[in-house]
Amino acid sequence: MRTNYESLYNAKKGTIQDCLDVIQSGDVVAFAAACNAQVEMLNHMHTIADRVTGVKCIKGHEGVYPFVTMDGMDGHINTGSFFFGRDLSNGMKNGNTSFIPADMCDYSTFTSGHFPCNVFVAAATPMDENGNMQVGLCMMYEDAAYASADRIILEVNPNLPRVRGGLEININDVTCLLEADYPINVVPDADPTPEEVMVAKNVRSLVKDGDCIQLGIGSLPNAIANEMMDLKDLGLHTEMATSTMGKLIRAGVITGARKNFKQGQHLFIFAGGTPELYQTLSENPSCRIVPAVYGADPAIIMKNDNMVSINTCIEMDLTGQICSESIGPWVISGSGGAFDYVYGALHARGGRSIMAFTSKTKKGVSKIVDMLSPGAGVTIPRNYADYIVTEYGIAPLRGRSLEERARALIAIAHPDCREELTYKAKKLYYI
C-alpha cells in the first residue's frame with residue numbers, strides 16, 4: 001500500500017517549541033552547517049538551558065547565536081566545532097565552546113564514532129513526491145550525523161535548492177519538523193586590493209589549461225579566479241563551491257573535460273556564495289555535492305592528475321610551517337580541508353600546492369615570520385610547503401633545505417621586512 005506522505009508530514013509538523021522539546025539532557029546534537037544551518041532552532045536553543053544539563057552540540061562556524069555566547073550555558077549546553085567563527089571564539093570566554101582540531105576528511109569519523117550524536121538537526125528542502133527532503137548544500141559531516149542519530153529534526157525551507165548527490169531524508173525517519181521561510185545565506189563577493197591582484201597574477205602563472213583546481217573563499221581567491229578566465233577546460237574537485245567558481249563554470253572555463261577522474265563532474269563538499277551560485281549548482285547537471293569523507297580524502301584527491309590546491313594563511317615561518325587557523329593560541333577558524341587538499345595535490349601526478357597571501361596584514365605586520373607566534377596551530381607542516389606566492393614573487397620550497405627556504409621566503413617578503421628577517425634567520429642559523 002502506498003504511504004500517504006502528506007499525512008505523515010502533517011503529523012510530524014510542529015512549532016519551534018515542539019522541535020526544542022525533542023532535545024533532552026545528555027543528548028549529543030549535531031547541527032548541519034553552512035547553508036543547511038537551521039536558523040530558528042539555533043536562535044532558540046538557549047531557551048532550553050534551564051531544563052537540560054550535559055547537552056553537547058556540534059555546529060559550523062556560521063551565525064551568531066545566544067546559546068553559543070551568553071553566560072549561563074556552560075554545563076547545560078556546550079558546543080564544539082571543527083571550524084570557528086567569531087561567536088564560537090567568543091564563547092570560549094564563558095566556557096561554552098571548545099575547538100576540535102581535525103582535518104575535514106575526518107569530520108564524519110567524530111560525529112559517528114568518537115563524538116557520536118543521537119540528535120541531528122538540519123535545514124532541508126521541501127518534501128518531494130517520494131517523501132524525501134534534501135540536505136544539499138553541505139556534506140561536511142551531515143551524512144554521518146544523520147546515520148548516527150535516533151532523532152531527526154528538520155526545518156523545511158522552500159528557498160533551499162536540490163543538488164545532485166545531496167543527503168535525502170525520508171519523512172518516515174523524521175521525529176519533528178518545522179516549516180520556516182528565510183533566505184539562504186549569501187556570501188557576497190569581496191573586492192580584492194591591488195596587492196591581492198598582484199598575488200593573483202603570480203598564482204595564475206602556475207596554473208595551466210586542463211588543471212583540476214581547489215580554491216578557497218575571500219577577496220584573494222576571487223582575484224585568483226578572475227585571473228583564470230583565459231584558461232581552458234579546468235576541472236573542479238574542491239572543498240567549498242564559491243561564487244567565483246560558479247562564474248568559471250558559467251563562462252565555460254571549468255568544464256572537467258580533461259579530468260582523468262570523474263571526468264566532466266564538478267565536485268564540492270559545501271557551498272557558500274550568491275544566489276547565482278546556488279542556481280548553477282542546482283541546474284547544472286555537472287555539479288555534484290559529495291561527502292567530505294570522500295571529497296576531502298587525500299587518497300581520492302590525488303587521483304586527479306594535475307591537481308592544484310590553492311590556499312591562503314595567517315602566517316608562515318622561514319622553515320615553511322604554515323598557520324591558517326589561529327592568531328597565536330586564539331582560534332579564529334580551523335584546518336578545514338587545507339591539509340587534505342595540499343597532501344592530495346602533492347601526491348597527484350603533475351600536482352601542485354600553492355599557498356598565496358599578501359606579504360603584510362591589514363595592520364602592516366609581516367605574514368612571513370622567523371618563527372610562528374607562540375601557541376599557533378600548524379595547519380600545513382613544513383614538509384608539505386610547495387609554492388609560496390606573495391605580490392613580490394614565487395618561492396618554491398618543496399625539497400629545499402632550510403637555508404634555501406629562508407632565502408626564498410625573504411625574497412618574497414615585504415621589502416620593509418627583509419632586513420629584519422635576514423638578521424633573525426642568521427641568529428637561527430638558517431642562513
key: Among the candidates ASP305, ASP297, ASP370, residue that is under 18 Å from the mean Cα position of the chain (by Cα) and among the acidic types (Asp, Glu)   = ASP297
note = Filtering the range 323-332 down to residues that are part of a loop (DSSP other than H, G, I, E, B) and surrounded by 20 or more Cβ atoms within 10 Å (Cβ to Cβ) yields SER324, GLU325
task = Taking VAL163 as meeting all but one of (1) β-branched (Val, Ile, Thr); (2) within 24 Å of the chain's Cα centre (by Cα); (3) open to solvent by 10 Å² or more (accessible area, probe 1.4 Å), write down the number of the exception.
result = (3)
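Can you find a residue that is crowded, with 22+ Cβ neighbours inside 10 Å, closer than 30 Å to TYR429 by Cα and of a type in the set (A, V, I, L, M, F, W, C) anywhere in the range 303-318?
Yes, the conditions are met somewhere in the range 303-318.
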task = Examine the range 257-275 for a residue that is open to solvent by less than 50 Å² (accessible area, probe 1.4 Å) and hydroxyl-bearing (Ser, Thr, Tyr), and state whether such a residue exists.
result = yes
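Yes or no, residue by residue, for (1) open to solvent by less than 20 Å² (accessible area, probe 1.4 Å); (2) among the aliphatic types (A, V, I, L, M); (3) out of contact with any helix residue (DSSP H, G or I) (no Cβ under 8 Å at 6 or more places or on another chain):
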site	(1), (2), (3)
PHE99	no, no, no
ALA123	yes, yes, no
ASN132	no, no, no
MET140	no, yes, no
VAL174	yes, yes, no
ASN185	no, no, no
THR193	no, no, no
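In the range 8-36, what count of residues is obtained for those that are small (Gly, Ala, Ser), open to solvent by 10 Å² or more (accessible area, probe 1.4 Å) and in contact (Cβ under 8 Å) with a residue 12 or more places away in the chain?
So the count comes out to 4.
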key: The listed residue being out of contact with any helix residue (DSSP H, G or I) (no Cβ under 7 Å at 6 or more places or on another chain), hydrophobic (A, V, I, L, M, F, W, C) and buried (at least 21 other Cβ atoms within 10 Å of the Cβ), out of ILE254, ILE213, ILE224, ILE249   = ILE213
key: Subset of the range 277-302 (residues that are open to solvent by less than 10 Å² (accessible area, probe 1.4 Å) and among the hydrophobic types (A, V, I, L, M, F, W, C))   = LEU277, LEU281, CYS287, ILE289, ALA292, ALA296, ILE301
query = Restricting to the range 182-237, what's the tally of residues that are without any contact (Cβ under 8 Å) to a residue 12 or more places away in the chain and touching a Leu at 6+ places or on another chain (Cβ under 6 Å)?
reply = 0
ask   = Restricting attention to the range 62-86, and to residues there that are of a type in the set (D, E, K, R) and open to solvent by 40 Å² or more (accessible area, probe 1.4 Å), which single residue is farthest from ASP21 (Cα to Cα)?
value = ARG86
request  = With a cut-off of at least 1 residues that are at pLDDT 95 or above and over 25 Å from GLU196 (Cβ atoms), name the strands (runs of 3 or more DSSP E) lying wholly within the range 239-322.
outcome  = 266-268, 287-289
task = With the condition kept exactly as written, say whether any residue in the range 113-120 is free of Cβ contacts under 8 Å to residues at least 60 places away in the same chain, more than 20 Å from the chain's Cα centre (by Cα) and over 20 Å from LEU42 (Cβ atoms).
result = yes
query = Out of all the residues in the range 43-61, which are crowded, with 20+ Cβ neighbours inside 10 Å and either within 21 Å of GLY336 (Cβ to Cβ) or in contact with a Ser or Thr (Cβ under 7 Å, 6 or more places away or on another chain) (or both)?
reply = VAL55, CYS57, ILE58, LYS59, GLY60, HIS61
query = Does ALA345 satisfy the criteria of being surrounded by fewer than 19 Cβ atoms within 10 Å (Cβ to Cβ), outside any loop (DSSP other than H, G, I, E, B) and among the aliphatic types (A, V, I, L, M)?
reply = no
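The values are calculated or read from the model by the stated rules, or taken from the named source; none is laboratory data. Keep in mind the model is a prediction, meaning the values are calculated, not measured. As a convention, Cβ positions derive from the backbone with ideal geometry for all residues, glycine included, and neighbour counts pool all protein chains shown. Surface areas here come from the heavy atoms of the whole protein model, side chains and all, with no ligands, DNA or RNA. Shrake-Rupley method; radii C 1.70, N 1.55, O 1.52, S 1.80 Å.
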